[in-house]
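Asker: Take this structure first; my questions come after.
The values are calculated or read from the model by the stated rules, or taken from the named source; none is laboratory data. Given the structure is predicted, the values throughout are model-derived calculations rather than measurements. Backbone-built Cβ (ideal geometry, glycine too); neighbour counts: all protein chains shown.
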Amino acid sequence: MSADKPRIGIIGGTGALGSGLARRFAAAGYPVVIGSRSSEKAAEVAAVIGHAAEGMSNAAAAAAADIVLVTVPFSSQAEILSEIKPHVSGKLVVDTTVPLMPPKVARVQLPPEGSAAMAALKLLGEGTRVVSAFHNVAAHKLHKHDTIHCDVLVFGDAAADREVVVGLASAVGLRGLHAGPLANSAAAEALTSILIGINRSYKVDGAGIRITGIETGCGS
């Protein structure tokens, strides 16, 4: 870990959410490593992002990072987590996975474990520091310089780990909020499908959520 900011590895960092978060973290001064199945593609995205971002394979990015963000589709979650598992022991793993199951992505369909986050914990092992966050922010908005009026609900069994991710949300211009234990992630994961349906019904360009009654924090 650097003296000032942790090195952030973004697994699946060439996708819309991963690259958007990478862009914002890099601009905020965090050392960023883009991970992808293709190290060449990761390097290309890193070059576009700039700010000395690096690109490498998913496993190499997980090994090089202090904090690991997993930003992959639900269909790839188990495979990718199995790949990086040897490289994340003792590290904070932030899982952003939402269990969207095409073609009915606007219908809530949670996995047998109760949530994608609990599935991640089961696969990585109880000793892993898993936090779940960044489910309800529209990925394309992260690529713009505009303020994003969306809260990030942060779930995890350790308050100190949640606090780190609340800080990461603030660094990318969002307001992170403690939302309880990892099992509660089911609520935000399910809400993503609901937001997709709202976008369709009201023709909204990426609806988000705001928790009322809390006046401080980013994006207010």
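Yes/no matrix, rows are residues, columns are (1) within 26 Å of residue 116 (Cα to Cα); (2) at pLDDT 95 or above; (3) of a type in the set (Ser, Thr, Tyr); (4) in contact with a Lys or Arg (Cβ under 8 Å, 6 or more places away or on another chain):
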position: 7; (1), (2), (3), (4): yes, yes, no, no
position: 18; (1), (2), (3), (4): yes, yes, no, no
position: 25; (1), (2), (3), (4): yes, yes, no, no
position: 34; (1), (2), (3), (4): yes, yes, no, no
position: 47; (1), (2), (3), (4): no, yes, no, no
position: 60; (1), (2), (3), (4): yes, yes, no, no
position: 65; (1), (2), (3), (4): yes, yes, no, yes
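Asker: Just to verify a result, which residue in segment 44-75, among those that are closer than 20 Å to residue 122 by Cα and surrounded by fewer than 16 Cβ atoms within 10 Å (Cβ to Cβ), is nearest to the chain's Cα centre (by Cα)?
Answerer: 73
Asker: Look at residue 96 and say whether it is within 16 Å of residue 58 (Cα to Cα), crowded, with 16+ Cβ neighbours inside 10 Å and touching a Ser or Thr at 6+ places or on another chain (Cβ under 9 Å).
Answerer: Numbers: within 16 Å of residue 58 (Cα to Cα): yes; crowded, with 16+ Cβ neighbours inside 10 Å: yes; touching a Ser or Thr at 6+ places or on another chain (Cβ under 9 Å): yes.
Yes; evaluated as a whole, the condition is true for this residue.
Asker: Can residue 114 be described as in contact with a helix residue (DSSP H, G or I) (Cβ under 6 Å, 6 or more places away or on another chain), at pLDDT 95 or above and at positive phi?
Answerer: Details: in contact with a helix residue (DSSP H, G or I) (Cβ under 6 Å, 6 or more places away or on another chain): yes; at pLDDT 95 or above: yes; at positive phi: yes.
Judged against the criteria, residue 114 is a match.
Asker: Counting only residues that are surrounded by fewer than 16 Cβ atoms within 10 Å (Cβ to Cβ), at pLDDT 95 or above and over 18 Å from the mean Cα position of the chain (by Cα), give me the helices (runs of 4 or more DSSP H) lying completely in segment 135-220 with at least 3 of them.
Answerer: Output list reads 185-202.
Asker: Also, quick follow-up: Would you check which residues across segment 111-134 are part of a strand (DSSP E or B) and among the polar types (S, T, N, Q) and list them?
Answerer: Once the filter is applied, which keeps residues that are part of a strand (DSSP E or B) and among the polar types (S, T, N, Q), segment 111-134 yields only 132.
Asker: May I ask you to verify whether residue 37 is of a type in the set (D, E, K, R), within 16 Å of residue 66 (Cα to Cα) and either crowded, with 23+ Cβ neighbours inside 10 Å or in contact with a helix residue (DSSP H, G or I) (Cβ under 7 Å, 6 or more places away or on another chain) (or both)?
Answerer: The answer is no for residue 37.
Asker: May I pose another question? Is it true that some residue in segment 93-104 is in contact with a strand residue (DSSP E or B) (Cβ under 9 Å, 6 or more places away or on another chain), closer than 15 Å to residue 72 by Cα and not β-branched (Val, Ile, Thr)?
Answerer: Taking every residue of segment 93-104 in turn, at least one turns out to be in contact with a strand residue (DSSP E or B) (Cβ under 9 Å, 6 or more places away or on another chain), closer than 15 Å to residue 72 by Cα and not β-branched (Val, Ile, Thr).
Asker: Consider segment 27-76. How many of its residues are in a loop (DSSP other than H, G, I, E, B) and touching a Leu at 6+ places or on another chain (Cβ under 7 Å)? Quick ask: steps written out before the conclusion?
Answerer: Within segment 27-76, the first condition is being in a loop (DSSP other than H, G, I, E, B), and the residues that meet it are 28-31, 37-38, 50-53, 65-66, 71-73.
Filter once more, keeping what is touching a Leu at 6+ places or on another chain (Cβ under 7 Å): 71.
So the count comes out to 1.
Asker: Residue pairs, Cβ under 8 Å, 6 or more apart or interchain, first in segment 73-100 and in contact (Cβ under 8 Å) with a residue 12 or more places away in the chain, second surrounded by fewer than 24 Cβ atoms within 10 Å (Cβ to Cβ) and among the aromatic types (Phe, Trp, Tyr). List them.
Answerer: Close Cβ pairs satisfying both conditions: 97/74; 98/74; 99/74; 100/74.
Asker: Tally the residues that are more than 24 Å from residue 45 (Cβ to Cβ) and among the basic types (Lys, Arg), restricting the search to segment 119-160.
Answerer: 2
Asker: Okay, moving on. Are there any pairs, at least 6 apart or on different chains, whose C-beta atoms fall under 7 Å, with the first in segment 1-14 and more than 15 Å from residue 87 (Cβ to Cβ) and of a type in the set (Ser, Thr, Tyr) and the second assigned to a strand (DSSP E or B) and modelled with pLDDT of 95 or more, and if so, which?
Answerer: Taking only residues 6 or more apart or on different chains, the pairs are 14/34; 14/36.
Asker: Moving on. Are any residues in segment 1-26 part of a loop (DSSP other than H, G, I, E, B), surrounded by 15 or more Cβ atoms within 10 Å (Cβ to Cβ) and of a type outside the set (Gly, Ala, Ser), and if so, which ones? Steps first, please.
Answerer: Of segment 1-26, the ones part of a loop (DSSP other than H, G, I, E, B) are 1-7, 12-15.
Adding the requirement that they be surrounded by 15 or more Cβ atoms within 10 Å (Cβ to Cβ) leaves 5-7, 12-15.
Listed by number, the residues that qualify are 5, 6, 7, 14.
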